[in-house]
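Scroll down for the structure; my scribbles are underneath it.
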Amino acid sequence: MKHKDKDGKPLPDRNSKVPTALLFVVLCGLSFYLGGIFCSEKENFTTTEVKDEVPSSKSNAVVSPLQIKDVSFPDCGLDYQDYTPCTDPKRWRKFGMQRLTFMERHCPPIFEKKECLVPPPDGYKVPIRWPKSRDQCWYRNVPYDWINKQKSNQHWLQKEGDKFLFPGGGTMFPNGVGEYVDLMQDLVPGMKDGTIRTAIDTGCGVASWGGDLLDRNILTVSLAPRDNHEAQVQFALERGIPAILGIISTQRLPFPSNSFDMAHCSRCLIPWTEFGGLYLLEIHRILRPGGFWVLSGPPVNYENRWKGWNTTIEEQKDNYEKLQELLTSMCFKFYKKKDDIAVWQKTSDNSCYKKLDSPDNYPTKCDDGTEPDSAWYTPLRPCVVVPDQKLKKVGLKSLPKWPQRLHVAPERVSDVRGGSEGAFNHDDNKWKNRVKHYKKLLPAIGTDKIRNVMDMNTQYGGLAAALIDDPLWVMNVVSSYAANTLPVVFDRGLIGTYHDWCEAFSTYPRTYDLLHLDGLFTSESHRYAFSWKISVLHLSL
């Protein structure tokens, strides 16, 4: 029986002689065509030239090797030194103002895409090395004074000579972030014993909270939009603290469900009680059962703080009561409160979620067929994502404590096609060996020269796990078109995000010291092929 291709047409007999060179040329052309379709653009920065004459099967002529034509890129211009293609303020007017939609990802169409090199600012220097960078950075690397001028009384940062210093202040922690986190640890003891490992900080400022938690073995994704504060995320990454551009608006955050151990908002100005609590529902989705949501700022401690919030005590009391009511309806339970900090916990009790079946209840269960982990351009929905009842080891109490959880195969690995405990352990051992070779090839790995690392096509976070004892952190990226392995990454106590590499990554230029790529061309060759272009050229390593 003859084999058939995907269109049902018979393939040539395997014994027939097909000229190798001719077949290669045909495949190149087909790959280029498919890449153009799936990425919706024609890339022309690299061209491949093949000799016009292809010897026939009867000829003994030798095929000339492929000739690669070098292409150079022009500079983009100094006004593009902090260009973020998919969150570009120059394009905000084209999008709606309601719910700050314009601050979400809106990637440029083909005719607006840039093919140029993003330049550094005048006077740019090699970033200060970790751990000194947590407390200071070169002014010329992030030459923006807005935060310094507007937040000078809150001690976010201060300019001294040719540097910005980060004293660890914040709107809700005027005495320093250390004292603030100490109080939080008193409220949530799991922050001390390895129970809590991953966190997300919504509206992170310059990420001082996330920076302090690094010393406490808690790995935080600091999240902030590109707004009039200009460079919050850029400051965070310049300091060597994990951060990503993003905003809770109309789309889900690019993280799987039941992933973070803790979520935090310190006067992040997100209207939690508006739109039917839609933003709280997203926090509920990404928090794992038993995870904690921590809030400081309005309306917490309104009795003592309302005068400084340009509001009335009655309004803040109403907001606090509404917040409590919404959280209870979403199966959060009030945990503890002291001074300006209040803590709620996502319940692990399934009986609460059964109450959501009532048609008169708000919010209801999500039953519209949307995958709980679907989070790449997926609209927010006014419903509760109920944890999968078949998963018994996703809850915070069921996971091994840090660092034991790093090398234990998570329960959710079985949800991955081809995934198993054996596959996980094989991947874990593979990366331990590979990293040994990497360090021979690149001795800078493991030194203070490399701090911010991105694994552009991770599977289970093996690279990050193998580098866990080095003074660096890894942003694990799972393709939005690949098998969904990101829940496994988070269950291990690592961090990551979904992304489509046909688009630019949600960060500023010059924010990563090392980009690691393994298997992306192979796994997504049907989309990119020979027309694939790395969308992180704007990172300008």
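The values are calculated or read from the model by the stated rules, or taken from the named source; none is laboratory data. Keep in mind that this is a model prediction, so the values were computed, not measured. Reconstructed Cβ throughout: ideal geometry from the backbone, glycine too, with neighbour counts over all protein chains shown. For the accessible areas, the whole protein counts, side chains as well, though only heavy atoms, and no ligand, DNA or RNA atoms are used. Shrake-Rupley method; radii C 1.70, N 1.55, O 1.52, S 1.80 Å.
Note on D357: accessible area is roughly 100 Å² with a 1.4 Å probe, heavy atoms of protein only.
Using a probe of 1.4 Å, the accessible surface attributed to T364 totals some 50 Å² when neighbouring protein chains are kept in position. Starting from the Cα of D70, step 7 Å toward the Cβ, then list every residue of region 116-140 with an amide N under 18 Å from that point. From region 116-140, the list is 117.
With all protein chains in place and ligands, DNA and RNA left out, the 1.4 Å accessible area ranks K192, K159 as K192, K159, largest first. Accessible-area rank, largest first, for Y180, Y144: Y144, Y180, with all protein chains present and a 1.4 angstrom probe.
For region 456-503, the extents of the C-alpha atoms along the principal axes are 32, 20, 12 Å, listed from largest to smallest.
Just the number, please: Stokes-Einstein D of region 333-477 in µm²/s, Kirkwood Rh from C-alpha pairs, 10 °C, 1.306 mPa s.
84
When T273, T312 are compared by accessible area of protein heavy atoms, the largest-first order is T312, T273, using a 1.4 Å probe. Please give, to one decimal in nm, the separation of the simple spin-label points placed at L78 and K322, each 7 Å out from Cα toward the Cβ. Here the modelled spin labels are 4.8 nm apart. In order along region 75-89, the phi-based Karplus estimate (6.51 cos²θ - 1.76 cosθ + 1.60, θ = phi - 60°) of 3J(HN,Hα) comes to 6, 6, x, 4, 6, 10, 5, 10, 5, 10, x, 8, 9, 8, x Hz; Gly and Pro are listed as x.
With the largest listed first and rounded to whole Å, the semi-axes of the equivalent ellipsoid of region 428-527 from the Cα gyration tensor are 21, 16, 14. Per the Debye calculation on region 116-253 with a single equal scatterer at every Cα and no solvent contribution, log₁₀ I(q)/I(0) for q = 0.10, 0.11, 0.16 Å⁻¹ amounts to -0.34, -0.41, -0.85.
Solvent-accessible area of region 259-415 (1.4 angstrom probe, protein heavy atoms only): carbon and sulfur portion equals 49 percent. Extension gain for the segment D122 to D518, taken as residue separation times 0.36 nm less the Cα-Cα distance, is 139.2 nm to one decimal. Accessible surface for E112 stands near 50 Å², nearest 10, in the context of the full protein assembly shown (1.4 Å probe).
Remark on region 301-366: Rg and Dmax equal 14.7, 41 Å (Cα only).
Computed from the alpha carbon positions, the gyration tensor of region 213-304 leads to an equivalent ellipsoid with semi-axes of 21, 17, 16 Å, biggest first.
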